[in-house]
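Readers should treat all values here as calculations from the given coordinates under stated rules, not as data from a laboratory. Keep in mind that what you see is a predicted model, and the values were worked out from it rather than measured. Cβ atoms come from the backbone with ideal geometry, glycine included; neighbour counts cover every protein chain shown.
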Amino acid sequence: MSELKRPRKRVILCQDGSPFVPQYPGGINIEKCTGCSECVEVCPQNCIELKEVEGKKVAVITKLELCIGDGFCKIVCPEDAFL
């Protein structure tokens, strides 16, 4: 009987050697978002766009399936609008 091979767990390391933990956004609080577009500009996957919601321009995650979880959007948001 052949032995089944277990898939290896791969860990992506940060520059300091710590494991990378994806930071997927859980959404955007439109009450806090001011539409500054900082998150739109920093997203390498173009997952976020400015759209009009309830009469004001706010950031909206339009392509969550492309998100790589780098967390840049959360880091640059001056209003801490990312959940």
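Give, as a single signed number, the net charge of other residues whose beta carbon lies under 11 Å from the beta carbon of PHE72, with Lys and Arg counted +1 and Asp and Glu -1.
-2
Rounded to whole Hz and in sequence order, give me ³J(HN,Hα) for the range 35-42 from the Karplus expression 6.51 cos²θ - 1.76 cosθ + 1.60, θ = phi - 60°, writing x for Gly and Pro.
For the range 35-42, the Karplus curve yields x, 5, 6, 4, 5, 4, 5, 8 Hz.
Using a cut-off of 15 Å between beta-carbons, work out the net charge of the residues near PRO44 (Lys and Arg +1, Asp and Glu -1, PRO44 not included).
-3
Have a look at ILE12, ILE68, ILE30 and tell me which one the Gaussian network model of the chain (Cα, springs below 10 Å) gives the largest fluctuation.
Of ILE12, ILE68, ILE30, the Gaussian network model singles out ILE12 as fluctuating most.
Determine the sum of side-chain charges near VAL60: Lys and Arg each +1, Asp and Glu each -1, restricted to other residues whose C-beta is under 12 angstrom from that of VAL60.
Here the count lands on +1.
To the nearest 20 Debye, how big is the dipole of the chain about its Cα centre, given +1 on the beta carbon of each Lys and Arg and -1 on that of each Asp and Glu?
Around 540 debye, computed over the chain.
How would you rank LEU50, LEU66, going from fewest to most other Cβ atoms within 10 Å of each one's own Cβ?
Fewest-to-most Cβ neighbours within 10 Å comes out as LEU66, LEU50.
For mean projected area of the Cα convex hull in nm², the listed values are [x] 6.1; [y] 7.9; [z] 7.1; which was obtained by calculation from the structure presented?
Computed from these coordinates, mean projected area of the Cα convex hull in nm² corresponds to label [y].
What's the lysine pair count for the chain at a Cα cut-off below 29 Å, pairs eight or more apart or interchain?
Number of lysine pairs found: 12.
Can you give me the long-range amide H partners of ILE28? Hydrogens built in the peptide plane at 1.01 Å from N, cutoff under 5 Å, separation of 5 or more residues or another chain.
Counting only residues 5 or more places away or on other chains, the set is LEU83.
Can you list which of the trypsin sites (Lys or Arg not before Pro) found in the chain are DSSP loop residues with at most 16 other C-beta atoms within 10 Å?
Numbers: sites: LYS5, ARG8, LYS9, ARG10, LYS32, LYS51, LYS56, LYS57, LYS63, LYS74; in loops: LYS5, ARG8, LYS9, ARG10, LYS32, LYS63.
Counting only loop positions with at most 16 other Cβ atoms within 10 Å, the trypsin sites (Lys or Arg not before Pro) in the chain are LYS5, ARG8, LYS9, ARG10, LYS32, LYS63.
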